[in-house]
Amino acid sequence: MKKVLKPLIAVIVLALIPWLGVTYGKLDYVFAIIIPYAAGVILALGMLFRLVDWLRRPVPFNIPTTCGQEKSLDWVKTNTLECPSNPFMAALRVLSEVFLFRSLFRNTKAEMAGGPKLVYGSHKWLWLGGLAFHWSMLIIVIRHARFFLATLPVPIELLDTADRFLDVTVPAFYITDAVALAAITFLVLRRLSDAKMRILSLSTDYFPLFLFGAIAIVGISMRYVTKVNIMPVKALAMTLASFGFSEPEPIGALFYVHLFLVCVLLAYIPFSKLVHMGGIFLSPTRNLPNNSRAKWHKNPWNPDIKFRTYAEYEDEFREKMKKAGIPVEKQ
Amino acid sequence: MNKFSKFLVALAAGLAVFVAAWFFMQAGHYGSVSAHAENSPVAAAAPAPGGAPIDSSKCILPTEYMRAHHMQVLNKWRHDSVREGNRTYVNPQGEHFDKSLNTCLGCHGSNPMFCFMCHEFANVKPTCWDCHLSPMEVPQ
Ligand code: HEM
């Protein structure tokens, strides 16, 4: 239970910091300007550091962990997506992972079925819950462009319209808000409801979930219930987007809770499991074409060995060999 | 049928129920509108004689509150007056107002851009003007 409570308390304390700071400390400028820029810098440099570090690691051979038939003789049917032989199909494999979580689709679950019988079954819930969580979060973040841009580009406008097409509540209800909350709840319960998962889960698994949950709950509360004045928010967001430093008009403390938790999230990404958002593109088992039979992969670490052929050896020792009565090839 | 096909079927069924529910919700809206227009008691109660006076010298609530909450106020007013026939709003100071967009526009209608300035800036597209005349469309 400590693994669950610690991150929960951490998120609550983190949420209280800006609330106290703005309500009692009048630290608006710190939470509106200084901390967001600091978080942005930490995110950018941290990601750069992690990715450059990974990019510099040598990957001398391709790693064909595939689930399909490799390209072979013409009459053998190949599986070009599972076992791509060219970079284009390998890129498709990475993208299908990024957008559709294909590996997770293969997820299986082992269960004891009626006594001592271990049964493996296909288990799609994690795939579905993960997909719902990531897509709704992505759409929510893209929709936030309405704060940062003076005029919305048409694709984002369309996305926004589609998201509130149910046309219920004022302000219009966004479907992704409900989906995000439901998915986060499912992902937390998934870890809590099963003894195996409880042992496997660490506090660093719960913390991002609670953090996202808190950001979403505060955002949803700001939109539908407690409300904030959007005008100074928009002005602040546009200031941040244009790297300005002007002091914002007063905004409700709840907004700063939202913004500060987002800043914590941004700064946390490079140093946590959330860095997978960049790392997934570098997975060697996904992004390398499997052409190990078609192409010769030379080990770049082979030392530069000076080889000596038998002919050279005989040239050097021919006279001595003849004297000793050893047969030679060339007289 | 394997498990995955079952799952797909369940998904499709859920989607169908969802679309159907949405369709009937929408259809229900249109139905209720015509019913009100013909012979509902609400329609009869709407132009109540001696309606609350429109005090157009000041706002119903403090500006700070209105900036953040005006859409909730208007939404509630619409519900109260159209669905429940309750057309009088009493603010904490005990002043009476007509629950009508006209109460707002009594002052704010003088600036044709009053609503649009902020809505444009904040990129929000309220559906008020789908039915109501906006200050921009009313001849000054
Ligand atoms: C990881 C980043 C973020 C997430 C996941 C997030 C999540 C949310 C959610 C779920 C909502 C509910 C309404 C909606 O879906 O639009 C919301 C609303 C809101 N968010 Fe965020 N948010 C993020 C970043 C930000 C940032 C950087 C700002 C700073 C400008 C911000 C300002 C707001 C405001 C002002 C609202 C209220 C919107 C309204 O009243 O219409 N959010 N947020």
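The values are calculated or read from the model by the stated rules, or taken from the named source; none is laboratory data. The structure displayed is predicted, hence computed values, not measured ones. Counting neighbours? That spans all protein chains shown, and the Cβs are built from the backbone with ideal geometry, glycine included. Each accessible area value is taken on the protein alone, full model and side chains, heavy atoms only, with ligands, DNA and RNA left out. Shrake-Rupley method; radii C 1.70, N 1.55, O 1.52, S 1.80 Å.
Which helices (runs of 4 or more DSSP H) sit wholly inside the range A:215-331 and have at least 2 residues that are of a type in the set (Phe, Trp, Tyr)? Spell out the reasoning first.
Working: elements: A:230-241, A:253-268, A:276-279, A:284-287, A:310-324.
Output list reads A:253-268, A:310-324.
For beta carbons closer than 6 Å, sequence separation of 6+ or different chains, a first residue in the range A:223-241 that is under 17 Å from A:ALA145 (Cβ atoms) and a second that is open to solvent by 30 Å² or more (accessible area, probe 1.4 Å) and near the ligand (Cβ under 9 Å from one of its atoms), the qualifying pairs are A:ALA237/A:PHE148; A:ALA241/A:PHE148. When we screen A:GLU97, A:GLU82, A:GLU70 for residues that are in a helix (DSSP H, G or I), of a type in the set (Asp, Glu) and either farther than 25 Å from A:ARG286 by Cα or touching a residue at least 12 places away in the same chain (Cβ under 8 Å) (or both), the only hit is A:GLU97. Among residues of the range A:171-195 being within 13 Å of the ligand (Cβ to nearest atom) and not in a helix (DSSP H, G or I), the one that is most open to solvent (accessible area, probe 1.4 Å) is A:PHE173.
Regarding B:ASN102, is this residue part of a helix (DSSP H, G or I), away from chain A (no Cβ under 11 Å) and open to solvent by 50 Å² or more (accessible area, probe 1.4 Å)?
Values: part of a helix (DSSP H, G or I): yes; away from chain A (no Cβ under 11 Å): yes; open to solvent by 50 Å² or more (accessible area, probe 1.4 Å): yes.
Considered against the rule, which asks whether it is part of a helix (DSSP H, G or I), away from chain A (no Cβ under 11 Å) and open to solvent by 50 Å² or more (accessible area, probe 1.4 Å), B:ASN102 comes out as yes.
Take A:ARG308 and tell me if it is closer than 30 Å to A:PRO60 by Cα and free of Cβ contacts under 8 Å to residues at least 12 places away in the same chain.
Numbers: closer than 30 Å to A:PRO60 by Cα: yes; free of Cβ contacts under 8 Å to residues at least 12 places away in the same chain: yes.
The answer is yes for A:ARG308.
Scanning the range B:76-99 for residues being more than 19 Å from B:PRO135 (Cβ to Cβ) and surrounded by fewer than 19 Cβ atoms within 10 Å (Cβ to Cβ) gives a total of 16.
If you filter the range A:239-261 down to residues that are among the hydrophobic types (A, V, I, L, M, F, W, C) and farther than 22 Å from A:VAL225 by Cα, you find that the one that is least open to solvent (accessible area, probe 1.4 Å) is A:LEU240.
When you look at A:VAL218, is it open to solvent by less than 50 Å² (accessible area, probe 1.4 Å) and either within 14 Å of another protein chain (Cβ to nearest Cβ) or more than 10 Å from the ligand (Cβ to nearest atom) (or both), yes or no? So A:VAL218 does not fit the description; no.
So which residues in the range A:3-42 are touching a residue at least 40 places away in the same chain (Cβ under 8 Å) and of a type in the set (D, E, K, R), if there are any at all? Those that are touching a residue at least 40 places away in the same chain (Cβ under 8 Å) and of a type in the set (D, E, K, R): A:LYS3, A:LYS6, A:ASP28.
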